[in-house]
1. Counting DSSP beta bridges in the range 167-232, what percent are antiparallel, to the nearest 5?
2. What number in nm² do you get for the range 97-165 if you take the convex hull of its Cα atoms and divide its surface by four?
3. Considering only DSSP states other than H, G, I, E and B, which trypsin sites (Lys or Arg not before Pro) in the range 119-173 qualify as loop sites with at most 16 other Cβ atoms within 10 Å?
4. So what are the ³J(HN,Hα) numbers for the range 260-276, from phi and the Karplus equation (6.51, -1.76, 1.60; θ = phi - 60°), rounded to whole Hz, Gly and Pro as x?
5. Once amide H atoms are placed 1.01 Å from N in the peptide plane, what residues at a sequence separation of 5 or more from residue 123, or on another chain, have their amide H within under 5 Å of its amide H?
6. Step through the residues of the range 329-345 one at a time and calculate ³J(HN,Hα) from phi using the Karplus curve (6.51 cos²θ - 1.76 cosθ + 1.60, θ = phi - 60°), rounding each to whole Hz and writing x for Gly and Pro.
7. Find the all-direction average of the projected area of the Cα convex hull for the range 167-232, expressing the result in square nanometres with one decimal place.
8. What does the charge add up to near residue 130, with Lys and Arg as +1, Asp and Glu as -1, over the other residues with Cβ less than 14 Å from its Cβ?
Amino acid sequence: MPSGPAGYACCDRCATLTGPAEAGARQGLTAGDMVAGPSAAVARRRVLKAAVFAPRSGQDASWSTRPQQNGHRQPGEPADTSHERATFADPGRLPRTVFGIIQDVSPHVLVLGEGPREQRFTLTPNAVAWRGAQLEPAALHQGDRAVVRLTPSGRQVADRIWANIGRVTGVILERSGGTLVVDEGATRAPQVVRLQPRSVGRIQVRFPTLEPGYLVDIIGLRTGTELIGMIPATSQPGYPAGRLPEPPLISGHVPDSISGSATWHEPRDEPPGVLGVAYPALDPGTGCAEDMAGARPGSSRMPYLALGSVLRVRNDCTDTDCLVPVTGCATIARLFNDRCVTCGTSPRGRVADLTMASFIALGGELERGCFNATITIGA
């Protein structure tokens, strides 16, 4: 085991963004009780602001589901309304996410516990679960760690459960048989991925080069400090991590909207219920722990942002969007020059690495790994 992971930059060499994003730097969002920590502190800012400043009259402080395609207005829709219609997500009006340990489960009821606290949820008739593969909720096990999606119409009604799901995204450091040691960035400890024989073939269809120096992105079952790799989250770039392709030449200003793929990450140093996004290009002036002088930019040209800045993230597959605060740095995302094919084919590059709660709230399915996304800065 190496003594420490290699460092990768998360800061792009572009002009610093000023304006609305800075105004939103004091806003954040939480989805449940949180413990102290950098991500939690950033996410709580909007809650504290809301306690002082009431929403403007007539303002819909929720998310939006807009009937438009490819960013074009529908006939009769007024122009330039996205900043009014896309606001911070309201947990009362979107699919809320809860986390806990399964205490009991039947075809109709799920009981979660976390310490002395116990919660009961009614399961919809069409509720499904995932535990390495799709299955009936009643087939889950007591003691499984569950991520549960609640329906917007019922605070205690669940329609989707993911049991023990985990994800490892990074650069392969070592391989020994079916075991990989993966570097997820300088601020995270190396992760161990164990590939079962029945899953290797499926994974290598999309990740043919499981050798040191190559990128890997695998979803599977979390067992303590190991991940049992089950499915590939995306397709492997054809280059080693140290040989990124030249980014395309772009003239003029960085566009307000940037399209690519949005992914999700496991909570490491953040509470599991935080609604936020890790951004691939944090301003080096913020003291980014991942910054490395002379680093190459990723495939998407993205402006600098600071922690607490605001992004409007839209799921292009569902036309659902909301504002989320930047709560961390997407260290490894900028190394992936890949596409998401959840609905059509996205432009190359990862533009947002969402928390689990944000990814689910925006209509994402964790086992799919990504959705085609468009982000707007400071909307």
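All of the numbers you see were taken from the coordinates with simple rules; none came from a lab. Everything numeric here is computed off the predicted structure, so don't read it as measured data. Virtual Cβ from ideal backbone geometry, glycine too; neighbours counted across all protein chains shown.
1. 85 percent
2. Mean projected area of the Cα convex hull: 4.0 nm².
3. Answer in residue order: 155.
4. x, 10, 10, 10, 9, 9, 5, x, 10, 9, 10, x, x, x, 5, 9, x
5. Here the answer is 109, 110, 158, since their amide H atoms fall under 5 Å of that of residue 123.
6. Going residue by residue, I get 10, 7, 4, 8, 4, 6, 7, 8, 9, 10, 10, 9, 10, 4, 9, x, 10 Hz, with x marking Gly and Pro.
7. 3.9 nm²
8. Residues close to residue 130 contribute a combined charge of +2.
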